[in-house]
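Have a look at the structure below, then the notes.
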Amino acid sequence: MKTLQERMNDMKPYFRAIEVYNNALMVRMVLPTNWKIYPSSDGRVKVTPSETNANEAIYYADSNEASYEDIFDLIEDTIKNNRDIVSKLKLLKEKIEELKELFSTHSFEELETLRFELTEPKKAKGKRKYTKRKKETENEAEAPQIEEEIPQVEEDNKVEEIVEGV
């Protein structure tokens, strides 16, 4: 387990201060403007924006109910979740650009065959796990496939206008 000093170092450049005021444990953080901050799910650790410093959030808890470890756990989760959101948005923008390129260089018939597939990220080698596959029954094979209805778009709309509306 990491020490509080190691955890504070890991939170740079966001970490600002650690304090005790009366019976309250407090940690001051400066987070990017567009990041979301959340109180703990059990309500023991709370968050409030600073009245004096923009983008500063004060995580605090009653020292009889929570510890600095609890506060740092919440802050680390907040940082991780916000970094994930930023990474996902960046990836989404990249994929939109790839789709724009595909839509501008391929025919409608070719685009109708477009499929999206997720592959498992590579993991460290370990024991292979085998799962028994369920065989498809006749009823399942005959079940109708449901297609999502796509709103009608006038032919003279450009791909960019469609993507921007999403």
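Every number here is computed from the coordinates shown, using simple stated rules; none is lab data. For clarity, every value in this text was computed on a predicted model and none was experimentally measured. Cβ atoms come from the backbone with ideal geometry, glycine included; neighbour counts cover every protein chain shown.
Determine the gain in length on full extension of the stretch residue 90-residue 112; use 0.36 nm per residue of separation and subtract their C-alpha separation, reporting nm with one decimal. List each step's numbers first, then the result.
Values: separation 22, 0.36 × 22 = 7.92 nm, distance 2.61 nm.
Length gained, residue 90 through residue 112: 5.3 nm.
List every residue whose amide H lies under 5 Å from the amide H of residue 45, counting only residues 5 or more places away in sequence or on a different chain, with H placed 1.01 Å from N in the peptide plane.
It is 40, by chain and number.
For the range 66-115, which GluC sites (Glu not before Pro) are in a loop by DSSP, counting at most 15 other Cβ atoms within 10 Å?
On the way: sites: 69, 76, 94, 97, 98, 101, 109, 110, 112; in loops: 112.
Counting only loop positions with at most 15 other Cβ atoms within 10 Å, the GluC sites (Glu not before Pro) in the range 66-115 are 112.
Given 2/90; 36/93; 2/46; 46/80; 12/36, which pairs have Cα atoms separated by over 28 Å? Intermediate values should be presented prior to the final figure.
Numbers: 2/90 31 Å; 36/93 20 Å; 2/46 23 Å; 46/80 18 Å; 12/36 18 Å.
Pairs exceeding 28 Å: 2/90.
What trypsin sites (Lys or Arg not before Pro) in the range 5-48 are in a loop by DSSP, with at most 11 other Cβ atoms within 10 Å of the Cβ? If you can, show how the numbers build up before the last one.
Details: sites: 7, 16, 28, 36, 44, 46; in loops: 36, 44.
Loop-located and lightly packed - 36.
For residue 48, what is the net charge nearby, where nearby means another residue's Cβ is under 15 Å from its Cβ and Lys, Arg count +1, Asp, Glu -1? Provide the component values of the computation, followed by the final result.
Details: positive: 16, 28, 36, 44, 46; negative: 19, 51, 56, 62.
Residues near residue 48 contribute +1 overall.
At R0 = 25 Å, how high is the FRET efficiency between residue 50 and residue 5 if r is their beta carbon distance? Nearest 0.05 is fine.
So the FRET efficiency works out to roughly 0.60.
If R0 is 22 Å, what FRET efficiency do you get for residue 99 and residue 38 from their C-beta distance, rounded to 0.05?
Numbers: r = 32 Å, r/R0 = 1.46.
The pair residue 99/residue 38 has a calculated efficiency of 0.10.
With a sphere of radius 14 Å drawn around the Cβ of residue 80, what net charge do the other residues whose Cβ falls strictly inside it have (Lys, Arg +1; Asp, Glu -1)? Intermediate values should be presented prior to the final figure.
Numbers: positive: 7, 36, 83, 88; negative: 10, 73, 76, 77, 84.
With Lys, Arg at +1 and Asp, Glu at -1, the net is -1.
Spelling out what I want: for every residue of the range 50-59, take phi, set θ = phi - 60°, compute 6.51 cos²θ - 1.76 cosθ + 1.60 (Karplus), and round to whole Hz; glycine and proline get x.
In residue order, the calculated couplings are 6, 7, 10, 10, 5, 6, 8, 10, 10, 8 Hz.
Shape verdict for the range 49-88, please, from the Cα gyration tensor: rounded (a/c under 1.5), prolate (a/b greater than b/c) or oblate.
Details: a/c = 4.55, a/b = 1.31, b/c = 3.47.
Oblate.
Tell me whether the range 4-85 comes out rounded, prolate or oblate; compute the Cα gyration tensor, take square roots of the eigenvalues as a ≥ b ≥ c, and use a/c under 1.5 as the rounded threshold. Intermediate values should be presented prior to the final figure.
Values: a/c = 1.39, a/b = 1.32, b/c = 1.06.
It is rounded, given that a/c, with a ≥ b ≥ c, falls under 1.5.
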